[in-house]
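Let me begin by presenting the structure, written as structure tokens, before commenting on it.
Bear in mind that the values in this text are calculations on the coordinates, not laboratory data. Source: prediction; values computed, not measured. Here the Cβ is made from the backbone with ideal geometry for all residues, glycine too, and neighbour counts use every protein chain on show.
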Amino acid sequence: MASSSDADGDDFTPPKFTEIITQKFLKPGQAKGSQAAAPEPDRILDAKERKVAMSTLNALELKWAKAGLVLATVAAILLPVYAKTLLHSAKDKATSSATEALLISAVVLLFCILGFIALRRRKRTLVAFSIFITGFAFTLTFPPLGFALIFLGGWLMLRAYRLQKYGTANMKMVAKEAAARPSRKQRQAEAKKPVKPSGYSPPKANKRYTPKAPAKKKVPKPPPGE
């Protein structure tokens, strides 16, 4: 038994430093109370499930949000170098442009860090907010990237709206659910109809025969003088 345990111990190799860093910091985070990111639902969610889906991110949304934040981080790191070497040839203008680029890069990196923390916790609103801010910041220096990030943040919030209203973010299922619902004119017509109380029934005529009361006989007045 001792020899076998010694043999097993000889085969063990400690993990490398890069593997430890990867497992500690670069491993995708998990939401509290869940084991992994939920896949795209293929059914209409009920009211309780909609609240959970609206506040968290599924696997598809997690992938695109992570890609957007990584792209914004890389662009923020390269932005000062780009501003100093390519934007302006004059020395004074290059210095001012580099200063502005450093400020924009610092703001973008700050919100990228915030976005990664929210991404690890699966917080949809905070992730979309971070992507929005980085997108607006990049519209000053690199508009295509800025508008792409703004579109990504809007896409995340649009999916949350669909989940709230229809119970799914799938376009085909949303179209079917919207077609099954009454149109706006029909809802307005239904709202204008008077609401009758429950159990109300109009009075019906009584079919039982009721004889008329006999007319009262007038008593003649006595003649005067009697």
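For the reader, a short list of remarks on this structure follows.
- Note on Lys172 and Lys48: the extension gain reaches 42.4 nm, defined as 0.36 nm multiplied by sequence separation minus the Cα-Cα distance.
- R0 of 45 Å, Cβ-Cβ distance Phe142-Ala179: FRET efficiency to nearest 0.05: 0.65
- Calculated FRET value between Lys165 and Glu100, using beta carbons and R₀ = 35 Å, to 0.05: 0.25
- Entries in Lys51/Lys165; Lys123/Lys176; Lys66/Lys165; Lys51/Lys123 that, when Cα-Cα distance is taken, lie over 20 Å: Lys123/Lys176; Lys66/Lys165
- Convex hull volume per residue, computed on the Cα atoms of the stretch 58-152, equals 71 Å³.
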